[in-house]
Amino acid sequence: MDKKQLTIGILTSGGDAPGMNAAIRAVVRTALNRNIRVLGIRRGYSGLLQPDMIEMNLRSVSDTLHRGGTVLYTARCPEFKEEAGLERAYQVCQEMGINGLVVIGGDGSFRGARDLSLKGIPCIGIPGTIDNDIASSDYTVGFDTAVNTVMDMVDKLRDTSQSHDRCSVVEVMGRHCGDIALHAGVACGAVAILLPEVPFSIDAIVEKMQRTLRTGKKHFIIIVAEGVMKDGDLPDVHSFAAELERRTGVETRATVLGHVQRGGAPTARERVLASEMGYRAVELLEQGIGNRVVVNHNDRIVDYDILEALNMEKKFNQRLYEIADAISI
Ligand code: ADP
Ligand code: F6P
């Protein structure tokens, strides 16, 4: 394909994640260096349908590398899931001369990228989500920063829990994937980590707390992934905390960290990962290759067919979970 004819669209979709800007910057700069045009599409697939896009130049991405969020904004766009929306997106790409698209987001966004690739617009997915729930990638852009944010918050909670001999129950994000909870739990020395992948037993937690109380432990951190407390007697972390207090006698407070976990400056690791992925995405599109996701596996940047990637099964890190349990006594 003649390089001068290549116009890459780029968008961020689904929940924002720190490091998305680093990926956008890498795509824009790599493309412009190769005389490829870049159109920045605002608010995910919605901006493709409207259309709402701007021509990117070298300075469009200045001063963005260190910022959280996404300078292109993000959105969820139900219309794009329908055939009419997809067809409209294809027509807009034709009209705007977009013959390559980079989609930074999660599995849902990748499904859209696959659909559009099959229509004839080569799309490349970059995993951007704090949840680390994309099976094909060892790490997603946003995860490392989110875990560090949780760690900072829990360290602060530990100061006050320790001063009052209390237990802190902390709810973190991750409805279906417990990676934030697991990694933050290890990093913060949580006595228990409750996540969607492993059924929890309040009896076992109470027993462990009582056992460690007898060895002199006086304050506790418990990390709970959102969605673990759903129904029944313990519908949320607050009722869970009250029940723990009742059964252990340890004064207990619950804290829901919420969207603070999605913000903040991306860590160095995030910026490097996102830069490598963005660079590779442009290399692929320049070669006329689409329908791929760029991911990291065993510390290398690799790419897979989108459907193959979507069909991969996320492996739970059982060993890390066992280590966490073994050393938090
Ligand atoms: P994520 O990409 O983080 O998983 P969502 O599931 O909210 O987030 O998906 C983001 C957007 O991707 C949706 O709003 C929609 O525009 C598009 N999308 C999601 N699922 C599909 C699908 N099955 N087919 C086509 N597009 C989809
Ligand atoms: O997928 C990222 C994520 O932050 C999840 O951890 C969380 O469950 C969800 O998004 C929250 O979504 P919203 O921004 O719509 O509240």
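The values are calculated or read from the model by the stated rules, or taken from the named source; none is laboratory data. Remember, it's a predicted structure, so these values are computed and weren't measured experimentally. Here the Cβ positions follow ideal geometry from the backbone for every residue, glycine too, while neighbour counts run over all protein chains shown. Only protein heavy atoms, including side chains, enter the accessible area calculation; ligands, DNA and RNA are left aside. Shrake-Rupley method; radii C 1.70, N 1.55, O 1.52, S 1.80 Å.
Some notes on this structure:
- Reference-scaled alpha-carbon Rg (2.2 N^0.38 Å with N residues) for region 46-142: 1.12
- DSSP-assigned coil residues among chymotrypsin sites (Phe, Trp or Tyr not before Pro) in region 225-329, each with at most 16 further Cβ atoms within 10 Å: Phe316
- Within region 102-151: Cβ-based charge dipole about Cα centre, in debye rounded to nearest 20 (Lys, Arg +1; Asp, Glu -1): 280 debye
- Dimensions in Å of region 220-267 - Rg and Dmax from alpha carbons: 13.2, 40
- Among Ser275, Val237, Ser161 the positive-end extreme of the charge dipole of the chain (Cβ point charges): Ser275
- Rounded to 10°, Cα long-axis angle of helix 179-188 versus longest principal axis of the chain: 50 degrees
- Convex hull of Cα atoms in region 1-71, direction-averaged projection (nm²): 4.7 nm²
- Dipole in debye (nearest 20) - region 1-57, about Cα centre, beta carbon charges: Lys, Arg +1; Asp, Glu -1: 220 debye
- Size of region 218-329 from its Cα atoms: along the principal axes, largest to smallest, the extents are 64, 30, 29 Å.
- Range of Cα positions in region 173-274 per principal axis (Å), largest first: 45, 33, 22
- Most mobile listed residue (Pro199, Pro235, Pro18) in the chain, GNM with C-alpha springs under 10 Å: Pro199
- With respect to the chain, whose longest principal axis is taken over its alpha-carbon atoms, helix 83-96 is tilted by about 50°.
- Calculated Rg and Dmax of the chain using C-alpha coordinates, Å: 22.0, 73
- Average Cα contact separation per residue, the chain, under 8 Å, 6 or more apart, as relative contact order %: 23 percent
- Degrees, to the nearest 10: 202-214 long Cα axis against longest axis of the chain: 60 degrees
- Region 205-277 versus region 43-60: alpha-carbon centroid distance in Å: 38 Å
- Dipole magnitude for region 183-318: computed about the Cα centre from +1 point charges on Lys and Arg Cβ and -1 point charges on Asp and Glu Cβ, it is near 700 debye.
- Spatially close Lys pairs in the chain, defined by Cα atoms under 17 Å apart and a spacing of eight or more places or different chains, total 4.
- Solvent-accessible heavy-atom area per residue, rounded to whole Å², over region 104-240 at 1.4 Å: 37 Å²
- Distance distribution note for region 48-105: the fraction of Cα pairs above 17 angstrom is 50%.
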